[in-house]
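Below is one structure, written out as structure tokens; the observations come after it.
The values are calculated or read from the model by the stated rules, or taken from the named source; none is laboratory data. Given the structure is predicted, the values throughout are model-derived calculations rather than measurements. With ideal geometry, Cβ positions are generated from the backbone for all residues, glycine too; neighbour counts draw on all protein chains shown. Heads up: the accessible areas ignore ligands, DNA and RNA and are worked out on the full protein's heavy atoms, side chains in. Shrake-Rupley method; radii C 1.70, N 1.55, O 1.52, S 1.80 Å.
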Amino acid sequence: MRGKSAILLIILLITMSVEAYAVSFVDSYRRGLDAEDSNNLDEAISHYTDAIKTMPNSAHAWAKRGEAYLRKTEPNMAIKDLVQATKLDPAYSAAFVRLGFAYNAVNEYDKAIDALSVAVTLDPLSAEALNTRGFAYNGKNDYASAVKDFEKAIRLNPKDAKLYNNLGFALNGIRDYKAAIEEFDKAIQLDANKAMFYNNRGVAYLRLKEFDKALENFDKALKLDTGFTSAYHNRGMALSGKGRHDKALEEFGKVIEVNQNSPILYKDRGTAYAKLGEFELAKKDFEKAIDIDKKFAPAYSALALLYLNSPDKSLRNPALALRYAEKAVQMTKGDSPDLLESLSEVQYATNHREAAIDSLRKAIAIDPKNQDYQQMLSKWQGRASQPASSLEEENATFRTLW
């Protein structure tokens, strides 16, 4: 009897110990949820840590701490926790979604797509998983895949304004600006108070060279959010498109004051300086952009055009222009139609006519709707010095691009 009583006592003690651990875990976990709801993220992380110590095999505790790290903008810490959560529970779709979000935050888009593809497989009806994977595809410049994901997400959740905005962004990426504007319109109909929606619609109008409509949208974005620096930058681009380069400089200057490490801002301000004939200031800005980011190809391309076109003999250097224009295209692996077009200009001006036509054709293959490219190629076609038979063959190839 004594032996049986001892065994029963041990079982009771074990049961009481397990129950105590369970109570401790639930208490810590709930405290973490309450702290997170109050946006006390450090406190939430502390409570989730206590929960993990009590029950280290809880995928939910690891995932919640990872989510708190995400909200605290510490994505690398979040990744560690979320990877652990997915290992503990390979069927935990929400953990894979958060993991994909965290990978997006550190620009590891392939890893994000892998995690989010698991999430979509586990839960095909998750608009959040599809939307977040669409972001990852955008990050890889795979806009066609992004469009498909955003369209699926919209079918699942047609009342979510941000999904239409994200689809519009991806459509901008594939240069279907009119379709993009339609999606931004839908986003704004659902939520007219998001500055980003107006800014993004303005970008589509900007690329269509409808500068007044672009400015209307950027002004609306800034009315909603005076601190929206991208809208000031884009206003500058629209003003420059209207030929008001002096006003464009003011807009670029506002943004540079608060963001002095953006190569694109210096490149765009340099372009405005060049349009005003301030070539030394333009050169200084282009070089500043390269100092900030040695791999920022548009700055090399801008310098190339400066060295090619500057009326200042001390700056004009066609050989260096060609070298920089070629470098810009090489850095982008020939995927940027704008940089290919700039290279073609330099090649044509330096008597590399056949190479210029070839570069311009590559630009058209990427952006076949660009009327400027097509008009330039039509202008150049008859001027390249080559046999008539070769020219006829070239014209036949050219027609297939339409």
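Look at ASN131 and say whether it is touching a residue at least 60 places away in the same chain (Cβ under 8 Å) and either assigned to a loop (DSSP other than H, G, I, E, B) or surrounded by 24 or more Cβ atoms within 10 Å (Cβ to Cβ) (or both). Spell out how you get there, then give the answer.
Values: touching a residue at least 60 places away in the same chain (Cβ under 8 Å): no; either assigned to a loop (DSSP other than H, G, I, E, B) or surrounded by 24 or more Cβ atoms within 10 Å (Cβ to Cβ) (or both): yes.
For ASN131, the condition - touching a residue at least 60 places away in the same chain (Cβ under 8 Å) and either assigned to a loop (DSSP other than H, G, I, E, B) or surrounded by 24 or more Cβ atoms within 10 Å (Cβ to Cβ) (or both) - is not met.
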Cβ pairs under 9 Å, 6+ apart, first in region 363-381 and more than 22 Å from TYR177 (Cα to Cα), second of a type outside the set (A, V, I, L, M, F, W, C) and at pLDDT below 90: GLN381/GLU394; GLN381/ASN395
Region 235-246, residues that are closer than 26 Å to ILE290 by Cβ, surrounded by 15 or more Cβ atoms within 10 Å (Cβ to Cβ) and not aliphatic (A, V, I, L, M): ARG235, GLY236, SER240, GLY241, HIS245
First in region 333-350 and more than 17 Å from GLY173 (Cβ to Cβ) and touching a residue at least 40 places away in the same chain (Cβ under 8 Å), second anywhere and of a type in the set (Asp, Glu) and assigned to a helix (DSSP H, G or I), Cβ under 9 Å, 6 or more apart: LEU343/GLU326; VAL346/GLU326
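Looking at region 369-394, which of the residues that are outside any helix (DSSP H, G or I) and open to solvent by 60 Å² or more (accessible area, probe 1.4 Å) is modelled with the highest pLDDT? I'd like the intermediate steps shown before the answer.
Let us first name the residues in region 369-394 that are outside any helix (DSSP H, G or I), namely 369-370, 382-387.
The next check asks that each one be open to solvent by 60 Å² or more (accessible area, probe 1.4 Å); those that pass are 369, 382-383, 385, 387.
Values: LYS369: 85, GLY382: 66, ARG383: 52, SER385: 40, PRO387: 36.
My answer is LYS369.
Of all residues in region 28-66, count the ones that are outside any helix (DSSP H, G or I) and β-branched (Val, Ile, Thr). Break it down into steps so the answer makes sense when it comes.
The initial filter retains those residues of region 28-66 that are outside any helix (DSSP H, G or I), namely 38-40, 55-58.
Narrowing further to those that are β-branched (Val, Ile, Thr): none.
Residues meeting the conditions: 0.
Is it true that ASP312 is touching a residue at least 24 places away in the same chain (Cβ under 8 Å), farther than 15 Å from LEU377 by Cα and not in a helix (DSSP H, G or I)?
Criteria met by ASP312.
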Evaluation of LEU13 against (1) at negative phi; (2) modelled with pLDDT of 90 or more (one fails), failing number: (2)
Residues satisfying the stated conditions in region 101-117, i.e. over 16 Å from PHE150 (Cβ atoms), over 15 Å from the mean Cα position of the chain (by Cα) and open to solvent by 30 Å² or more (accessible area, probe 1.4 Å): LYS111, ASP114
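To keep it simple, each residue is scored yes or no on (1) open to solvent by less than 40 Å² (accessible area, probe 1.4 Å); (2) small (Gly, Ala, Ser); (3) closer than 16 Å to SER240 by Cβ.
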position: ARG269; (1), (2), (3): no, no, yes
position: GLU287; (1), (2), (3): no, no, no
position: ILE292; (1), (2), (3): no, no, no
position: ALA299; (1), (2), (3): yes, yes, no
position: LEU305; (1), (2), (3): no, no, yes
position: ASP312; (1), (2), (3): no, no, no
position: ARG316; (1), (2), (3): no, no, no
position: LEU339; (1), (2), (3): yes, no, no
position: GLU345; (1), (2), (3): no, no, no
When residues of region 188-234 are limited to those that are at pLDDT 95 or above and hydroxyl-bearing (Ser, Thr, Tyr), the one least open to solvent (accessible area, probe 1.4 Å): TYR198
Some residue of region 163-170 being open to solvent by less than 20 Å² (accessible area, probe 1.4 Å), of a type in the set (S, T, N, Q) and closer than 24 Å to LEU70 by Cβ: yes
Residue among ALA68, ALA144, ALA85 that is farther than 24 Å from GLU43 by Cα and either of a type in the set (Gly, Ala, Ser) or modelled with pLDDT under 95 (or both): ALA144
Which numbered condition ASN107 misses (of (1) assigned to a helix (DSSP H, G or I); (2) on the phi > 0 side of the Ramachandran plot): (1)
Residues satisfying the stated conditions in region 134-162, i.e. touching a Leu at 6+ places or on another chain (Cβ under 7 Å) and either closer than 16 Å to ASN199 by Cα or surrounded by 23 or more Cβ atoms within 10 Å (Cβ to Cβ) (or both): ALA136, VAL147, ASP149, PHE150, ALA153, ALA161
